[in-house]
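Following: one structure in structure tokens, then a few remarks.
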Amino acid sequence: MTDQIQLIAPDDWHVHLRDGEMLTQVVAHTARMFRRAIVMPNLRPPVVTVEAAKAYRERIVAACGPSSAFTPLMTAYLTDDIAPDEIERGFLEGVFTAAKLYPANATTNSAAGVTNLRHIHSVLLAMERIGMPLLIHGEVTDVDVDVFDREAVFIERSLKSIRERYPDLKVVLEHITTEQAVDFVGSADRNLAATITPHHLHINRNAMFAGGLRSDFFCLPVAKRERHRLALRRAAMSGDKRFFLGTDSAPHARPGKETSCGCAGIFNAPHALESYALAFSQDDKLDRLEAFASLHGPAFYGLPVNEGVVTLQREDELVPDVVNGLVPFHAGETLPWRLQPCT
Ligand code: DOR
Ligand code: ZN
């Protein structure tokens, strides 16, 4: 049995770091194990300008402290009336690494998202021309579509047409949850990839109802049936470069989770890498973890692979019930891997 594994320093290609007091509480967890992270722009108000992204980046860097090696990669929040020039300028100036498409009202702080793809046609053309990745929350919001079908229907109704209309646009389908997404991304010849979260590798939809209503396992897209979880595990551990790590760590204060209309989001940042390592070791695929965590993402984004390594030691670690006042993923469980800091 392997007792220690070393990985090239990994990145998180999808995370919510929030702002203000919450930012100062959560960012150290991400910075502890990841060198870079794609930071989601769904703040209140959302990050829609180059200036707002620069200011947010400065707040993140300040919250990490002067000795941190962590680099936040910023994203723009697409709205119906966002100007293509602002998106293009932000990318060319090195402020925006990518832009995020939230279908309006699909998830947390997405009310200002896109109501119809035709509104962002010229933005997508510009992004295709300059090589700027489009990151997609892939769910339809139609009330007549079952919540568990929203991702599969989005692929049919929207993603296929995005791919046809903008074949040179780089697209990341974020936090995939279905075998339909695995199949669609896995059959793309180029310019399409997907991130996979640790929680979707570990839980299926039963987790939300185990012994009562468990809001700590509620996120969007919501976890699906077991066969989908197994498809995600196969994709993550396949060695296929179209699939890479994105935690979608999405902290919410406990009053926001523990209420009659709880927020979507799982806070997995404190033990994200250990959680992935557990999944990969359960399936005897630890030799595939480095590519998933540290190589496929940079290759897709056209960024250099990180220098330095992290070490995972086979050693039990109890995940606390509460971290910084928040309930972390795996709360109360003992994980068999312990992360040593970046060197
Ligand atoms: O569960 C989620 N939480 N999914 C999202 O898409 C957004 C995120 C959040 O910001 O809380
Ligand atoms: Zn997210």
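Based on the alpha-carbon gyration tensor of segment 257-343, what equivalent-ellipsoid semi-axes (square roots of 5 times the eigenvalues) come out, in whole Å, largest first?
Working: eigenvalues 138, 64, 32 Å².
Sorted largest first and rounded, they come to 26, 18, 13 Å.
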Between Ser67 and Ala264, what is 0.36 nm times their sequence separation minus the Cα-Cα distance? Round to one decimal in nm.
67.6 nm
Of every hundred units of 1.4 Å-probe accessible area on segment 4-339, the number belonging to carbon and sulfur atoms, as a percent, is 50
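What percent do you get for the relative contact order of segment 4-339 when only Cα pairs under 8 Å and 6+ apart count? Intermediate values should be presented prior to the final figure.
Details: 687 pairs, mean separation 62.0, N = 336.
18 percent.
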Rounded, prolate or oblate: which fits segment 4-339 when a ≥ b ≥ c are the square roots of the eigenvalues of the alpha-carbon gyration tensor, with rounded for a/c under 1.5 and prolate only if a/b beats b/c?
rounded
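Using the crude model of +1 on Lys and Arg Cβ and -1 on Asp and Glu Cβ, and no other charge, please compute the dipole size for the chain relative to its Cα centre, in debye to 20.
140
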Phi-based couplings in Hz for segment 200-213 (Karplus 6.51, -1.76, 1.60; Gly and Pro marked x)
6, 7, 9, 10, 10, 5, 4, 4, 6, 10, 6, x, x, 7
Residues of segment 250-279 with the amide nitrogen closer than 17 Å to a label point 7 Å from the Cα of Asp316, along Cα-to-Cβ, please.
278
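Give me the number: length gained by fully extending Asp287 to Ala253, i.e. 0.36 nm times residue separation minus the C-alpha to C-alpha distance, one decimal in nm.
Working it through step by step, the gained length comes to 8.6 nm.
Find how much the distance from Ala299 to Asp146 grows on full extension, using 0.36 nm per residue of separation minus their present alpha carbon separation; answer in nm with one decimal. Walk me through the numbers before you get to the answer.
Values: separation 153, 0.36 × 153 = 55.08 nm, distance 3.52 nm.
Length gained, Ala299 through Asp146: 51.6 nm.
Ignoring ligands, DNA and RNA, how do Cys261, Cys219, Cys64 rank by accessible area with a 1.4 Å probe, largest first?
On the way: Cys261 110, Cys219 0, Cys64 35 Å².
Greatest to least solvent exposure: Cys261, Cys64, Cys219.
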Hey, what's the chain come to in accessible area per residue, 1.4 Å probe, Å²?
40
Which value at 222 nm does the chain reach when only helices count, each DSSP H run of 4 or more adding -39,500 (n - 2.57), with the total divided by all residues and rounded to the nearest 500 deg cm²/dmol?
-8500 deg cm²/dmol
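The values are calculated or read from the model by the stated rules, or taken from the named source; none is laboratory data. Since this is a predicted model, take the numbers as computed values, not measurements. Don't worry about glycine lacking a Cβ; one is built from the backbone with ideal geometry, like all the others, and counts go over all protein chains shown. Quick note on the areas: whole protein, heavy atoms, side chains included, nothing else; ligands and nucleic acids left out. Shrake-Rupley method; radii C 1.70, N 1.55, O 1.52, S 1.80 Å.
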